[in-house]
Every structure is written in C-alpha cells, then in structure tokens.
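Trainee: Just passing along the structure, written as structure tokens.
The values are calculated or read from the model by the stated rules, or taken from the named source; none is laboratory data. Just so it is clear, the structure is predicted and the values come from calculations on it, not from any experiment. FYI the Cβ positions are ideal-geometry reconstructions off the backbone, even for glycines, and counts take in every protein chain you see. Accessible surface is based on the protein model in full, side chains and every heavy atom, while ligands, DNA and RNA are left aside. Shrake-Rupley method; radii C 1.70, N 1.55, O 1.52, S 1.80 Å.
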Amino acid sequence: MRSISVILVLALGACTPQADGPPAAQASDASDPATRAEPYDLRGPWSVSAIDGEPLDMPIPLQGSADALTWQPACAGQSIAYRRVGDAIEFTQPPRNASRVVCEIGYPEALPRVIGALEGRWDVSVHTNGTLRLTRGERVMALERAPAEPSLSLAGEWRVAGIDGRAFDEPYGIALSVDESEIWWEPRCAGQSVGYRITGTRFATPGPPRGGTASEPATVCKIAIPPRLPDVMTAIRAADRIERTPANGVRISGNGHSLTLFGQ
C-alpha cells in the first residue's frame, strides 16, 4: 500500500502546472542578433580612404543619417542607403532610372567608385576606434569614424562671392552682417534678415528674424535692394550645411542652393 501512495504522489507532481516562461533555448533565441530588427546607426561623419586595400588619392568624406551615407552637399545626389540584415549591413543605391533633382557641382573623382564599391551586403566588425571593417569574401572595406568638426562662427562682416555654384559677377557688391543668431543686409529697416543656428557642420534657419513674425513682418523702410539679394536670402533659407572653402571662405549649401562668403 505504501508503494502505491508514493506512485500517486509522483504522478500528481508531474501534472502540476509549471511556472510561466520560455525554455532556456527560447530565451537564448530572443537575444540572437539575427532576430533583432534595429539598424546600424551610422549617423555622423565618416570617411573611406581605400577600396579593397588600394589607397585613394584622398579620403572621401560621407555624412551618415539614420538610413543613408551622403556626400555633401546632398543636392549632388551622391548617396547610398543602408539597413541591417541580422549581423550584416546592406548598402543599396536608388534605381538608375529614378529621377533625382541634383545640383551642378564638382565632386571627387573617386566618389562614384566608393559608392559603387559599398553596394551590397557586408559582414561587420567594429574596431575600438569606432572604425567599421566590412568584409565580403576576400573583399574588404573600412568606414572610418571621422572626428566631429567644430562649429564655425559666422559673426562678423561678409561679402557674397558666389551663388548656387557660380561666381557673383555683378557691377555691385552685396555685404552681409552677422551676429550669433541672425544674418542681415544693411540698412536693417529694409527687412532683409534671417535667423540661423549652427551645430557642427549643420546649418539651419529655425524661425523668422528678430523684430517680426511670419504673419506680422517688422516695419520696413522704402529702399531699393540689390537685384540679387533675394537670391542670397533664398540660398540662406534653403541651406542645411556650412563648411570652410579651400580659399578660407565659408560656404553654406543645401536643397539645390549654395552661397559662398568671404570676410571683409
């Protein structure tokens, strides 16, 4: 009789509901990198200095967003999208027949080669300095993390030297005054001014200039303005990037427009 009682107890224990929770094997599957959907975040400045181990004449800088690497200015149309596929990263270019509005601007000769070489799926390893080593069979590429560029200061007096990629060749000049948050043409009462901010190499015009709102403009005086001044203001409002030029000027650009300034 005692042996029968022991058998019954063991049988009841086997039928007792177990605590909720996945088996250990399932728990490990949940942490498998291949099941994670989050993409690689390549936001920030990068550069490519070699293709398959062959050094380029000059490094190619690329600005990363949440889903693409782009050579600046973006209107040049030189970019490549990316996404994460398991532990790999995949780069894709837009269809060749897709219509894209681009600006006429020169870019490094090696740039299209870099964009083309990146296309496809790569295995990724991360170095301690932030460089991404991309491998695919015997092919190797490296995305080198570039140091963030310090913000430029526009405060001061400037003359317009170029608009939309062409030299400013007029019988008159256009001078701009700038403080830490606003750009304007004198006299101030002409109402030709725009607010701005700079973060690294990013340029933005976040709101209307001081002294008025979008619906209630500031009081202006009746004065003739230079014929090309509206083009200058249009370029400033369209810009999303700022950089030094080789001649130590400043170039702001974006959305198909650009403006080159020199200090005076």
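Trainee: Given the protein chains as shown and a 1.4 Å probe, how many square angstrom of Y172 are accessible, to the nearest 10?
Mentor: The accessible area comes out at roughly 70 Å².
Trainee: Let me ask something else. Go through 48-54, 75-81 and give me the packing order, highest mean Cβ count within 10 Å leading.
Mentor: So the peptides 48-54, 75-81, ranked by packing, come out 75-81, 48-54.
Trainee: For segment 161-203, what % of the accessible area comes from carbon and sulfur atoms, probe 1.4 Å?
Mentor: 48 percent
Trainee: Separation between the R113 and A50 pseudo-spin-labels, each 7 Å from Cα along Cα→Cβ, expressed in nm?
Mentor: Distance between label points: 1.4 nm.
Trainee: Oh, and also: Please work out the FRET efficiency for the pair N255 and K222, using the Cβ-Cβ distance as r and a Förster radius of 30 Å; give the result to the nearest 0.05.
Mentor: After rounding to 0.05, the efficiency reads 0.45.
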